[in-house]
Amino acid sequence: LGGVTLATGNIDQFTVALDPDTQSEEIVFVTGVSSDTLTIVRGQAGSSAITHSGGATVKHVLTSSDLTAFESGLNETIPLNTQTGTTYTLVASDAGDLVTLTNGSAITLTVPTNASVPFAIGSQITIIQSGAGNVTVVGATGVTVNSADADLKLRVQWSAATLIKLGTNNWVLIGDIKA
């Protein structure tokens with residue numbers, strides 16, 4: 001399978017056909033891969049779970065079920081993480097989320113090292129300053145957060161910005177920010 005790994009918790013999956021283009025064709029969802037062992041959900045996309053001979057042909061396929069799952073993912077709402085303290089350090093579950101930072105005093109948002117929280121490169125986290133306290137984004141020791149003109153503060157209440165991971169300990173902050 002060319003080194004395929006799936007995320008913990010069966011978040012990812014792909015579809016294969018067993019004995020494709022025959023009367024014995026069965027569509028299965030692969031939800032886990034360990035070495036040469038696949039964890040599957042049988043009888044998918046209108047097919048039936050049937051017996052297959054040893055050496056059956058296996059082919060990666062795209063089905064209407066895959067497209068429906070993709071489309072439903074596009075219509076999902078963004079998860080919210082509401083923070084009310086004056087400090088917050090990002091956690092793994094913040095990837096893809098909207099973090100709202102609400103406090104009357106200044107707030108420091110820390111981007112942790114890759115060793116502490118190994119966000120995938122390309123991860124995005126949107127932040128909003130929903131209180132009067134100005135939000136400043138800082139990188140933990142060893143983490144670089146870049147932005148236009150080196151600005152790392154949200155501008156005013158209701159300003160928003162997005163952190164994007166570009167490398168192991170390298171992030172960019174884009175949005176409504178100021179010096």
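The values are calculated or read from the model by the stated rules, or taken from the named source; none is laboratory data. Every value quoted in this text rests on a predicted model; they were computed, and no experiment measured them. Note that we place each Cβ from the backbone using ideal geometry, even for glycine, and neighbour counts take in every protein chain shown. Ligands, DNA and RNA are excluded from the accessible area calculation, which covers all protein heavy atoms including side chains. Shrake-Rupley method; radii C 1.70, N 1.55, O 1.52, S 1.80 Å.
Scanning the range 141-164 for residues that are within 14 Å of L109 (Cβ to Cβ) and open to solvent by 30 Å² or more (accessible area, probe 1.4 Å) gives L152, K153, A160. On the basis of being open to solvent by less than 30 Å² (accessible area, probe 1.4 Å), over 24 Å from the mean Cα position of the chain (by Cα) and over 15 Å from L90 (Cα atoms), does G167 make the cut? The answer is no for G167.
Could you tell me how many of the residues in the range 75-123 are aromatic (F, W, Y) and under 18 Å from the mean Cα position of the chain (by Cα)? Walk me through how you get there before you give the answer.
Initially, the range 75-123 is screened for residues aromatic (F, W, Y), giving 88, 119.
Those left that are additionally under 18 Å from the mean Cα position of the chain (by Cα): 119.
The qualifying residues number 1.
Cβ separations smaller than 9 Å between residues 6+ apart or across chains give the following pairs from the range 78-89 residues that are among the hydrophobic types (A, V, I, L, M, F, W, C) to residues that are in a strand (DSSP E or B) and surrounded by 12 or more Cβ atoms within 10 Å (Cβ to Cβ): I78/L98; I78/T126; L80/L98; L80/V99; L80/T100. Between G73, G46, G96, G122, the distinction of being at pLDDT below 90, out of contact with any Leu (no Cβ under 6 Å at 6 or more places or on another chain) and at positive phi belongs to G46 only.
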